[in-house]
Amino acid sequence: MSYDYDVIIIGSGPAGFSCAIQSSKFGKRVLIVEANPENLGGSWINTGTVPSKSLREAAKLIQKFHTQFADQEKMKPYQRFKMSDILRYKQSILSEKNRKVKNDLIKHNIETARGRGKLLDGHTVEVTLEGGRTITYTAGFVMISTGSRPGKPEQFEVDHHVVVDYRSILELTHIPRRLVIVGGGVIALEFATIFAALGTRITILSAEKGFLPFLDEEVSGELHKILRKKTIQLTTECSIERVEKNDFRTSMEVFYRTASEPGRLQVVETDHVLHVGHKMPNSEGLGLAEIGVGLSDRNTIEVDEAFRTAVPSVFAAGDVIGFPSQASASFVQGRIAACAMFGMGEDEIAANVPYGIYSIPEIAGIGLTEADARRQGVHYKVGKISYSNLTQADIGHVDDGMLKMIFDADTLRILGVHIIGEQASDLIHLGQCVMQHGGTIEYFLKNVLNYPSYGEAYRMAAFDGLTEPVAE
Ligand SMILES: Cc1cc2nc3c(=O)[nH]c(=O)nc-3n(C[C@H](O)[C@H](O)[C@H](O)COP(=O)(O)OP(=O)(O)OC[C@H]3O[C@@H](n4cnc5c(N)ncnc54)[C@H](O)[C@@H]3O)c2cc1C
């Protein structure tokens, strides 16, 4: 049977984009269907990763300038810097990124159709254009990479003006004096530290028992110290009762209770509320159930290790399949799916995946935490170093941060690396590389590392590890 294309990809975020580029490199005919009439690139470029990281970059620059060169006692950053400048900075990056993505697709002869895609069967996609007209395309394979959207709160409305979600906060036109973040997790921490760097007073109200419980315990301890220093108020095990406008004080009020004092209704006053809810997969309206694609009870699409759904010609990747819901993983998943479609190699993702949290400062980790090692009864040792021992940190006036390695006490093989501090999201890759190749901490003692650098933390942590007693 002949088809219009070899693969049709619904959604142009990182999963769809990398599937498209890899398929095109295999010489395949590719069509991307994208519902956003203006931009390609999905939440990766337009409403998630790149805009939030651009905002963060601007906030980091401002914080550095403000704390090192300005008279920080006299002025807050929001008195010195304007949100309009920060938004312009962000917009210039988004425009450039959008241009590059479009050019990449053109360069690889990838066609695009602007409209909402829906599967009619395992090889046929109906695209509804903006005016309502439909066009039908066929392909040997279909990739669903439709991403996710912010979940809505039950207790209050998000008006995207005063009460925002993790997308609409990126459009705020001024730096708020006060911000209450309802929700925990990585996105909450990122926005908390971004706005704290701009001078905003931050309160986080999280329903979870612990804050980022997957972090290594010492990294978590360092994080809490940094949050206190930034006067970010963090309350866990909170249940929100309601959010109301106080017209007399032209402010918002968030009413909540805590697990420790359930009988006391507490209130915090704020200018804006950011709701950070769970991500909802965009799996509706695609005709999935009708053609036999399986969904989990959270509406994520079920796939095998090659990202194939229950319908052999239909693949899915990215946020729509759920955890880890990161652009980093989506890029790899999209490429592996393309390899599986066209029988090009039996690629699979390595079991150890690093995480990067783009707070200020950054946090990154891979492999076992100390608690994991204890739980698993591993005979391990720890090597760690505080950034305050690094010359590069001294030069940058950086006081906070630490790097910690967990390694096997007998073989010295690295089992986990955990970093909080400047450049953590880049630094982790050095530890990841040595670890994934079965390396030992001796790597960092036998090899010369540049000085001064943050990477030097590995040498000092390895040295510390060799002189530390075995953990019980
Ligand atoms: C604030 C924020 C910060 C983040 N920071 C990071 C980070 O630092 N690092 C990281 O790795 N990840 C980060 N992420 C996560 C990352 O953005 C997502 O994991 C990633 O974009 C998901 O990629 P995707 O390909 O699954 O879908 P998306 O990027 O969401 O793209 C999906 C596309 O599909 C389109 N679409 C949906 N339905 C249809 C349909 N029926 N027909 C046609 N098109 C359709 C949408 O319009 C959209 O363009 C962040 C997310 C947020 C919200």
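Against the test of being polar (S, T, N, Q) and within 20 Å of the chain's Cα centre (by Cα), the options Gln326, Gln376 yield a single qualifying residue, Gln326. Considering the conditions (1) within 19 Å of Thr47 (Cα to Cα); (2) modelled with pLDDT under 95, Ser148 is excluded by exactly one of them, (2). Residue count for segment 1-18, restricted to those that are of a type outside the set (Gly, Ala, Ser) and in a loop (DSSP other than H, G, I, E, B): 3.
When each of Val378, Val353, Val382 is tested for being at pLDDT 95 or above, among the β-branched types (Val, Ile, Thr) and out of contact with any Leu (no Cβ under 8 Å at 6 or more places or on another chain), the lone residue that passes is Val382. Lys225 satisfies every condition listed in (1) modelled with pLDDT of 95 or more; (2) surrounded by 13 or more Cβ atoms within 10 Å (Cβ to Cβ) except (2).
In this entry, Gly285 passes the filter for residues that are part of a loop (DSSP other than H, G, I, E, B) and more than 30 Å from Val417 (Cβ to Cβ).
Pairs linking a residue in segment 162-173 that is free of Cβ contacts under 8 Å to residues at least 24 places away in the same chain to a residue that is within 11 Å of the ligand (Cβ to nearest atom), with Cβ atoms under 6 Å and 6 or more positions apart or on different chains, do not occur. For segment 162-198, give me each residue that is among the polar types (S, T, N, Q) and more than 14 Å from Thr47 (Cβ to Cβ). Scanning segment 162-198 gives Thr173, Thr193. Here Ala337 meets the list (1) in the same structural domain as Val314 (by TED's automatic domain parsing); (2) in a loop (DSSP other than H, G, I, E, B) almost entirely, failing just condition (2). Exactly one residue out of Glu96, Glu126, Glu111 is at pLDDT 95 or above and away from the ligand (no atom under 16 Å from the Cβ): that is Glu96. Just one residue in the set Glu284, Glu302, Glu290, Glu253 is among the charged types (D, E, K, R) and more than 16 Å from the ligand (Cβ to nearest atom); that residue is Glu253.
Residues in segment 317-337 that are more than 9 Å from the ligand (Cβ to nearest atom) and touching a residue at least 12 places away in the same chain (Cβ under 8 Å) were compared, and the one that is surrounded by the most Cβ atoms within 10 Å (Cβ to Cβ) is Ala337.
The values are calculated or read from the model by the stated rules, or taken from the named source; none is laboratory data. For clarity, every value in this text was computed on a predicted model and none was experimentally measured. With ideal geometry, Cβ positions are generated from the backbone for all residues, glycine too; neighbour counts draw on all protein chains shown.
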